[in-house]
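Novice: Shown below is the structure under consideration.
The values are calculated or read from the model by the stated rules, or taken from the named source; none is laboratory data. The structure presented is a predicted model; accordingly, all values stated were derived computationally and were not measured. Here Cβ is always computed from backbone atoms with ideal geometry, including for glycine, and neighbour counts include all displayed protein chains.
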């Protein structure tokens, strides 16, 4: 009898011990499984997030640095500077030319100075020459207008390149921000999986769960660890891309919480279309190219007209220094090519063909601007709706997981039901992150089309 009572006492204490483990596991599972719960785990269990010691940056700072270091943007700025120099040269064609020159000569063969009768071998000369094109049939007028139109086109292309850099930087920035959020969510998934594994083991000790529950929980932990590994690699790749975009050879991470929550307040679609047709860089560049080609075509016709050129000079010559013999000259020259082997006609035909091509591109640019604005606005509206749907899905999935956790604790749900709910919550959270990323990128695309900044509030 003593041995039986001792055995029952041992079994009773073992039952109490197992019940205590189950209660502790239930308490752990009942705790929030978000980022706060992840902080309770020792630091040595998981690798630290990649962004912990990396450089962080705001979107506005990233855009400024990307523009300053973008070689394509620098090339566009150089093209504008070159076009301004061409316009300055075209304006200078209206001014007269003035040249001053002087010379000294010495020869081993002496010659007789007719004025003095003595033999000399040295001579000194000085000259001032001036010229002015009086009439060119309007060639300078059309050339200056064409150059001014080319400058307007290069300036529009420079603005287009600037906003293309902004678009590229914004997309990479939001991609990195989304990767950081997804990496954080993958760690939350791993924390949930580990807690449920602990609970499944406790229930197995009590006999209220099967070995299959523990195995499935361990499998979910392995999958969650792989998800953390993949998310960390994606985050590192995105952070390196962001660093390269702003001109540094290291990881750069966005500040936390930068993904937009809602779309900006936009004007009506017709207003946006009108703004694009009036100010979009691609439309302005195409219109400027058409004007330049039209002025160039008219300039080619001026070669059929005569030109008048006035030139004159003043000379000083002598065999002694300083030269004291003076002379002057004045000349008016008129020229008109008669036969040039059809060079003028061919030039006119080529200019006309270039004009037709520029007109076609201008029409296409206007149509493209209208289509792209409508598409960008549609994408913004769709992305905003997706953000709302995704947020609601996260709330529903979170509530579903809470209910299933309680049911699993009571033995009214299986581990498969619980894991399916976990996966649904993970997918919903990832969809919410991607929806916000798409919203920010869609707004940046509209900015690039319009060539102007849309107020998104505080980007920091």
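Novice: Could you tell me whether residue 329 is free of Cβ contacts under 8 Å to residues at least 40 places away in the same chain and farther than 30 Å from residue 268 by Cα?
Specialist: Against the criterion (free of Cβ contacts under 8 Å to residues at least 40 places away in the same chain and farther than 30 Å from residue 268 by Cα), residue 329 qualifies.
Novice: Another question, then. Name the pairs: first residue in region 114-132 and in a loop (DSSP other than H, G, I, E, B), second residue surrounded by 15 or more Cβ atoms within 10 Å (Cβ to Cβ) and at pLDDT below 70, Cβ to Cβ under 9 Å, at least 6 apart or on different chains?
Specialist: Close Cβ pairs (under 9 Å, with a partner that is surrounded by 15 or more Cβ atoms within 10 Å (Cβ to Cβ) and at pLDDT below 70) amount to 115/319; 116/319; 118/319.
Novice: Kindly list the number of the only condition in (1) farther than 23 Å from residue 231 by Cα; (2) more than 19 Å from the chain's Cα centre (by Cα); (3) crowded, with 20+ Cβ neighbours inside 10 Å that fails for residue 425.
Specialist: (1)
Novice: Can you name the condition, by its number, that residue 322 falls short on among (1) modelled with pLDDT of 90 or more; (2) surrounded by fewer than 11 Cβ atoms within 10 Å (Cβ to Cβ); (3) more than 30 Å from residue 94 (Cβ to Cβ)?
Specialist: Exception for residue 322: condition (1).
Novice: Under the condition of being surrounded by fewer than 18 Cβ atoms within 10 Å (Cβ to Cβ) and touching a residue at least 60 places away in the same chain (Cβ under 8 Å), which residue from region 134-144 is nearest to residue 299 (Cα to Cα)?
Specialist: Checking each candidate, the answer is 138.
Novice: Among the residues of region 273-315, write down those that are farther than 24 Å from residue 357 by Cβ and under 39 Å from the mean Cα position of the chain (by Cα).
Specialist: 273, 274, 275
Novice: Okay, moving on. If you go through region 31-51 one residue at a time, do you hit one that is at pLDDT below 70, more than 30 Å from residue 237 (Cβ to Cβ) and in contact with a helix residue (DSSP H, G or I) (Cβ under 8 Å, 6 or more places away or on another chain)?
Specialist: Scanning region 31-51 turns up at least one residue that is at pLDDT below 70, more than 30 Å from residue 237 (Cβ to Cβ) and in contact with a helix residue (DSSP H, G or I) (Cβ under 8 Å, 6 or more places away or on another chain).
Novice: Pairs under 6 Å by beta carbon, first residue in contact (Cβ under 8 Å) with a residue 40 or more places away in the chain in region 332-353, partner assigned to a helix (DSSP H, G or I), six or more apart or different chains?
Specialist: So the pair list comes out as 344/303; 347/300; 348/300; 351/296; 351/297; 351/300; 352/297.
Novice: For residue 226, are the conditions met, namely being closer than 30 Å to residue 245 by Cα, without any contact (Cβ under 8 Å) to a residue 60 or more places away in the chain and surrounded by fewer than 20 Cβ atoms within 10 Å (Cβ to Cβ)? Steps first, answer last, please.
Specialist: Details: closer than 30 Å to residue 245 by Cα: yes; without any contact (Cβ under 8 Å) to a residue 60 or more places away in the chain: yes; surrounded by fewer than 20 Cβ atoms within 10 Å (Cβ to Cβ): yes.
Considered against the rule, which asks whether it is closer than 30 Å to residue 245 by Cα, without any contact (Cβ under 8 Å) to a residue 60 or more places away in the chain and surrounded by fewer than 20 Cβ atoms within 10 Å (Cβ to Cβ), residue 226 comes out as yes.
Here is a yes/no grid of residues against (1) more than 23 Å from residue 257 (Cα to Cα); (2) crowded, with 22+ Cβ neighbours inside 10 Å; (3) touching a residue at least 60 places away in the same chain (Cβ under 8 Å); (4) touching a strand residue (DSSP E or B) at 6+ places or on another chain (Cβ under 6 Å):
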| residue | (1), (2), (3), (4) |
| --- | --- |
| 412 | yes, no, no, no |
| 416 | yes, no, yes, no |
| 420 | yes, no, no, no |
| 431 | no, no, no, no |
| 434 | no, no, yes, no |
| 445 | no, no, yes, no |
| 449 | yes, yes, yes, no |
| 455 | no, no, yes, no |
